[in-house]
Structures are given as structure tokens and as C-alpha cells.
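Take a look at the structure set out below.
The values are calculated or read from the model by the stated rules, or taken from the named source; none is laboratory data. Keep in mind it's a predicted model, so treat the numbers as computed, not measured. Positions of Cβ are backbone-derived with ideal geometry, glycine not excepted, and every protein chain shown enters the neighbour counts. Ligands, DNA and RNA are stripped out before the accessible areas are found, and what is left, the full protein with its side chains, is counted by its heavy atoms. Shrake-Rupley method; radii C 1.70, N 1.55, O 1.52, S 1.80 Å.
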Amino acid sequence: MDIYFQHGIFDGSRVMEKESKQVIKHPGTDASLSVGFLLCFILTITAYCIVQTEGLGVTAKIIIIACLAFVQFLAQMFFFLHLGREKKPRWKLWMFLSMVVVVGILVIGSLWIMHNLDYNMMHMTPEEQGAYMKKNEGI
Amino acid sequence: MTRVSERAVEATMLEERAERNSIGFWLYLMTDCILFASLFAVYAILHVNTFGGPGPKELFHPGGVLAETLLLLASSYACGLAVLRARAGERAKAIFWLVVCFALGASFLTLEIGEFAELIAEGNSFTRSGFLSAFFTLVATHGMHITIGLIWIAVMVAQLMLKGLTPHTARRLTLFSLFWHFLDVVWIFIFSTVYLMGVA
């Protein structure tokens, strides 16, 4: 990732900067960083404007905001964190993907369980809830 | 010809070393993501439980939060520029961008603490309801990371001034940039799900 930099420090006397630049390719440049910044800036402002818009339904707003957040997430991972721009065997990408799986199980699983509990017990009194949980949830 | 290929081999070795150096830190960031995901899950479950108190719509000011978001994004950009300048061997410019990054990050934190202070002064602290407990836990955990990041920047600026650009300071700067960009990624989700969806 920062090899050109480290290379320059380690071997500045032996290797000309110009030559090492040809050997090593870096994912980050001023241009790609600025593109990422502008893209995220526009996406943030758009999301804010969507919320302020009158006449859009709550569900529609939430879906648009979620999509914009997802696009900005990908943009930041690519332009700022240089994900997917490393060479094989791409450890970082695989760690990232396994993290996504764990996060998905954690968040979706929690919401699912809690929603299910809510759905089953909403109409009950606290005493009935206690009895229900004893009977069905093994508590 | 042989000299060029030797250099290529050497460059590959150095590149592999630099990659290895950052992989451990990357693994830490991934586990930190899981920490934030569990706090997001807690917030998603509890945000409706206002215990008769005010909800997101009454409490959040989207304008102020938009300012926070843009400050943090600009700070992330400044951090990226600092790394690029350091890579080019321009120490003074790298320090300049780190100071900009610090100033923007500190403004973000000041706005956030102001928001918390206002909520608490109005009697809506984390003890008010399940929603507010989850909100404070999630947002303050992010704020705590930002605080640690600011200390990290201060230490790095001092090191760059005293020691200059060495392999060690260079490595720290690279790891810091990962940390700082990562915090901005987490903030997008807080901005979108907690604030924007809260007032939608």
C-alpha cells in the first residue's frame, strides 16, 4: 500500500524515485481521493435534501436514504480505504467479506428475533408474557 | 536489465512487508465494525421505546448533523491528502494536512458534545428512555473513537516534527488513515439511519 513511500525511505540513495514509481503502483492518488470526496459530498447533500422534501412518503424516503448510504459506503471503501485494489491473495477483501457476513447475521438476526417476540407477545399482559416465555422460549 | 529486475524483486518484497504491516490493523477495524453493528442492532430495536418521552423527530436537528457530517468528511479527505504528501516525501505539507484534519475532527467533536449537552440539559439524557440509552451508547462510542483519533493525530504531528519521515512514522500515518477513513464510514450509517431516518 505505502511501498513507494517506504521504499523511498529505505533505499532513497540507491533507487531513483522515477524508477521506483514505474515498478510500484499505488492505489491512491490526489485525483482518486478528490473524486471520492466530491462523490461523498454530493451523496450526503442529496440524502439531506431528500429528508427535507415535502410530499414524499416516509417509506420512500427511508428506501432512498438507505440506497444513498449504501452507495456512499461503497465509494468510501473504494476511494478512501482502497478496498479491492490490493494484489492477490486479497486478505483484506476476504476479511471484509467475512465481517459483512457476521454483521448481517448479527443485525438481521437480532431484528428478526425481537420482531417475532414483539409480534407474539404484544397483546398480552405482563403475567401472560411471563407464562408464554416460560412455555415457549425455554426461559 | 538485471538491475531493474533486482529492483522489481526488492520492491515486491517491500510491498509485501507493507501489506503485512497493515493487515493486523485491518483485522482490528473489522472487529470494530462488529462492535458498531451490535450497537446499531440495539438502536434499531430500541428506537421505538421512548417511554412516553420525546422521539427522534422532536430531538434531532438535521441541519446541525449535516454540518457534523461534512466536517468529518472533509477531515477524512485532509487525512488522505496528508498520507499522499508524506508518500511524496513532503513532510511540511503532510504536517499541514494533519493539522487541518485535526481541526476539522475537533470541530466535529465540539458540535457533537454541544448536541449531547443540549439534550442532557433538557432532561433527555440516556436515563430518559430505551431509545435515548441506545442513541447515546451508539453515537458516544463513535465520538470516543474520534477522541482517540485526535490524540493519535497530535502524537503523530509531534513525531513528524521531531523524528521526521521515517519508516515508523510512515507506517503509523498509514494505519491512522485507515482508522480515520473507517470512522467516517461508520458515521455515514449513523447519519443515515439514526438522524435522517429518524426525522423522515
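May I ask for the net charge around B:Arg128, where only other residues with Cβ less than 14 Å from the Cβ of B:Arg128 are counted and Lys, Arg are +1 while Asp, Glu are -1?
That sum, taken over residues with Cβ under 14 Å, equals -3.
Helix-derived [θ] at 222 nm for chain B: sum -39500 (n - 2.57) over DSSP H runs of at least 4, divide by residue count, nearest 500?
-29000 deg cm²/dmol
Determine the total buried accessible area between chain A and chain B, counting protein heavy atoms only with a 1.4 Å probe; round to the nearest 100 Å².
5400 Å²
Figure the gain on full extension for B:Val155 and B:Leu111 (residue separation times 0.36 nm, minus the Cα-Cα span) and round it to one decimal in nm.
Extending this stretch completely gives an extra 13.5 nm.
Can you pull the percent of the protein assembly as shown's accessible area that's carbon plus sulfur, 1.4 Å probe, other chains left in place?
69 percent
Give me the 1.4 Å probe accessible area per residue for the protein assembly as shown, excluding ligands and nucleic acids, in Å².
For the protein assembly as shown, the per-residue accessible area is 51 Å².
Can you list the residues in region B:139-184 whose accessible area drops by at least 20 Å² when all protein chains are present, compared with the chain alone? Use a 1.4 Å probe, heavy atoms only.
B:Leu165, B:Pro167, B:Ala170, B:Thr174, B:Leu178, B:His181
Let me check I've understood the local charge: for B:Thr141, count other residues with C-beta under 14 angstrom from its C-beta, Lys and Arg +1, Asp and Glu -1. What total comes out?
Cβ neighbours under 14 Å give a net charge of -2.
Send over the Kirkwood Rh of chain B, from the inverse of the averaged 1/r over different Cα pairs, rounded to one decimal Å.
Taking the inverse mean of 1/r over all distinct Cα pairs, chain B comes out at 18.7 Å.
Which three semi-axes in whole Å describe the equivalent ellipsoid of the protein assembly as shown, each the square root of 5 times a Cα gyration tensor eigenvalue, listed largest first?
43, 23, 18
Apply the Kirkwood formula to region A:87-139: the hydrodynamic radius equals the inverse of the mean of 1/r over all pairs of different alpha-carbon atoms; give it in Å with one decimal.
One decimal place: 13.8 Å for the Kirkwood radius.
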